[in-house]
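A short write-up of the structure that comes next.
The values are calculated or read from the model by the stated rules, or taken from the named source; none is laboratory data. Note that the coordinates shown come from a computational prediction; the quantities given were computed from them, not determined experimentally. FYI the Cβ positions are ideal-geometry reconstructions off the backbone, even for glycines, and counts take in every protein chain you see. These area figures cover heavy atoms from the full protein model, side chains too; ligands, DNA and RNA do not enter into them. Shrake-Rupley method; radii C 1.70, N 1.55, O 1.52, S 1.80 Å.
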Amino acid sequence: MEKIKFQIEINRVLDVLSKEIYDSPYALLRENIQNAYDAILMRAYYSQGKWSVQANGAIRVQIDGEKIVISDNGIGMSEEVLKENYWRAGSNEEIKILAKNSAVIGTFGIGGMANLGVC
């Protein structure tokens with residue numbers, strides 16, 4: 001039997017992920033604030049009770065003209081995490097387990113694509 005190659009129309013997929021999957025450009029804010037909250041939950045999980053979401057967690061949203069900055073004091077991402085996970089839709093099993101254990105919503109999926117649609 002001949003193998004059938006999987007093909008994908010990259011430009012169309014990017015359009016769907018970045019523009020059509022969200023009902024509003026405000027999805028950018030929702031997604032990034034959710035990512036910040038997830039980072040805080042993960043930091044609390046890794047601290048094993050030494051760092052509290054309620055006592056220590058902080059999310060800051062600054063809007064200045066055409067610039068929006070959303071920052072948090074969560075777990076952060078190394079360059080390796082960014083390369084291996086952030087821009088790769090879907091996630092590996094280790095990330096799924098960590099997400100479940102720390103009660104986060106996202107697992108390095110397509111939420112970051114909301115930024116592309118607005119930009």
Selection from the range 32-70 of residues in contact (Cβ under 8 Å) with a residue 60 or more places away in the chain and open to solvent by less than 40 Å² (accessible area, probe 1.4 Å) yields ASN32, ASP38, LEU41, MET42
So is MET113 modelled with pLDDT under 90 and open to solvent by less than 30 Å² (accessible area, probe 1.4 Å) or not? yes
Of (1) modelled with pLDDT under 80; (2) open to solvent by less than 100 Å² (accessible area, probe 1.4 Å), ASN11 satisfies every one except (2)
Restricting the range 14-38 to residues that are modelled with pLDDT of 70 or more and among the polar types (S, T, N, Q), the one farthest from GLY57 (Cα to Cα) turns out to be SER24
